[in-house]
Amino acid sequence: MTQPPVPPEGHLRPTTGASLAVAAVIGLFAGWLLRPAMVRLTGTAPFVTRVQALAPGLRGRGPGLCRPGTRGRRSGCGTSGCPTTAPSTAPVLARACAPVGALAAGGYAGYAVTRLGDASELADQRLLRCAVAAIGGLLMMLASLALERACRVPGEDNGA
């Protein structure tokens with residue numbers, strides 16, 4: 001007779017620096033290739049608006065705002081009648097946002113690199129907006145890593 005499969009233990013490993021570096025490098029190359037591809041296809045380079053420049057930083061506030069009370073809510077969840085999904089949503093949010101932040105930071109940085117040395121009238125404006133968006137993506141990644149760290153259970157082996 002065959003034994004039934006063993007259910008998974010359900011451990012969520014911390015986000016590795018290597019995965020974030022890979023996401024940032026992929027974003028960097030995608031951003032670097034975007035301008036030449038769009039110029040070839042449409043005849044103009046993509047325009048980076050103020051909203052696009054501020055969006056990664058504003059998205060990074062989500063994990064950042066979740067972090068301060070996470071440790072206290074997590075420790076009291078067993079007795080207070082929290083929904084069963086409450087302890088798992090914050091680490092999942094953190095795991096999803098960290099690579100997206102790295103990808104956005106790399107993408108905007110790659111697009112900004114294509115603007116270096118450009119003499120067009122809007123090059124400086126686009127370069128500045130790309131730099132703001134890249135910093136926002138970096139902040140989203142850092143806020144997600146902080147949330148992920150706040151969600152760790154004391155005594156678990158995280159490899160960190």
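We did not get these values from a lab; they are worked out from the coordinates using the rules stated. Nothing here was measured: the structure is a model prediction, and the numbers come from that model. No Cβ is skipped: glycine too gets one built from the backbone with ideal geometry, and neighbour counts run over all protein chains shown.
Ordering 124, 118 by the number of other Cβ atoms within 10 Å of each residue's own Cβ, fewest first, gives 124, 118. Panel order for 122, 41, by other beta carbons found within 10 Å of each beta carbon, from fewest to most: 41, 122.
Measuring from label point to label point, each 7 Å out along Cα→Cβ, what is the residue 16 to residue 125 span in nm? With each label point 7 Å from Cα toward Cβ, the separation is 4.4 nm.
Cβ crowding within 10 Å ranks 129, 13, 95 as 13, 95, 129, fewest other Cβ atoms first. Applied to the range 135-148, the Karplus parametrisation 6.51 cos²θ - 1.76 cosθ + 1.60 on θ = phi - 60° returns per-residue 3J(HN,Hα) values of 5, x, x, 5, 5, 4, 5, 5, 5, 5, 5, 5, 5, 4 Hz, with x for Gly and Pro. Label separation (residue 25 vs residue 118): 2.6 nm, computed from points 7 Å beyond Cα along the C-beta direction. If R0 equals 45 Å, the separation of the Cβ atoms of residue 37 and residue 152 corresponds to a calculated FRET efficiency of about 0.60.
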